[in-house]
Amino acid sequence: MKLFQYEERDSHSNKIVRVKCEYCGKERDVTDGNYRNSQNKRKNEKTPCKPCAMKYEAAEKRRGVPSPLKGRQRPDMTGDKNPNFKGFYITSDGYKQVYLGKRKYRGEHRLVVEASIGRPLLKKEIVHHINGDTLDNRIENLILLPNEAKHKGIHASSSSVLKSFIQQGLITFDTESLTYQVAHIKLRELLEHLEEGNQHPS
């Protein structure tokens, strides 16, 4: 079955052939000589336009040719097999997560407490960092709380202490950096005053 139409436009030696692309269906006019050269080159009756020839004929040539990667298994780059693997990562809220294998991570602070008490923690139990540094996972800096309510109570008490220090001028607020800072001069004066009060006459 021919997928093109042949039409002679003039009686001269340069005949014009109207060819229809069997892929996109667009028609175009070519000289009879170019048409015959194309047929001899392809050794078939296909007459694709240039864009389709580049797209489809290249694909046909590749068809049946095995991929150079076929049969080759990609190396496993997950977990500890990745060259960039560190064994842990830090969460956005500042907690250290330790790799346990099989793509599983757990908080280091919970693992440290579990090792100390000799049992797995309950889901509702909370580990609190006493000094506020969530990366300081020494056992002496960790305290186990039975539930979230107790944890909120601790943070409420720390907020109360912060408020008291602010009122006494021991902590100031920097309006440019929008951070609280320790008033070192005021704190040093307070400590000196306490030392003088603790001194007893001989």
- Could you check, for segment 95-109, whether at least one of its residues is within 17 Å of HIS151 (Cα to Cα) and part of a helix (DSSP H, G or I)? yes
- Task: Can you give me the number of residues within segment 85-111 that are touching a residue at least 24 places away in the same chain (Cβ under 8 Å) and under 25 Å from ALA156 (Cβ atoms)?
- Result: 4
- Message: I'd like to check something: does segment 186-197 contain any residue that is modelled with pLDDT of 90 or more, assigned to a helix (DSSP H, G or I), more than 30 Å from LYS123 (Cα to Cα) and of a type in the set (Lys, Arg)?
- Response: no
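Residue by residue, here is whether (1) modelled with pLDDT of 65 or more; (2) touching a Pro at 6+ places or on another chain (Cβ under 9 Å) holds:
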position: MET1; (1), (2): no, no
position: LYS15; (1), (2): yes, no
position: GLU22; (1), (2): yes, yes
position: GLY25; (1), (2): yes, no
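The values are calculated or read from the model by the stated rules, or taken from the named source; none is laboratory data. Since the model is a prediction, treat every value here as computed from it, not as a measurement. Note that each Cβ is placed from the backbone with ideal geometry, even for glycine, and that neighbours are counted across all protein chains shown.
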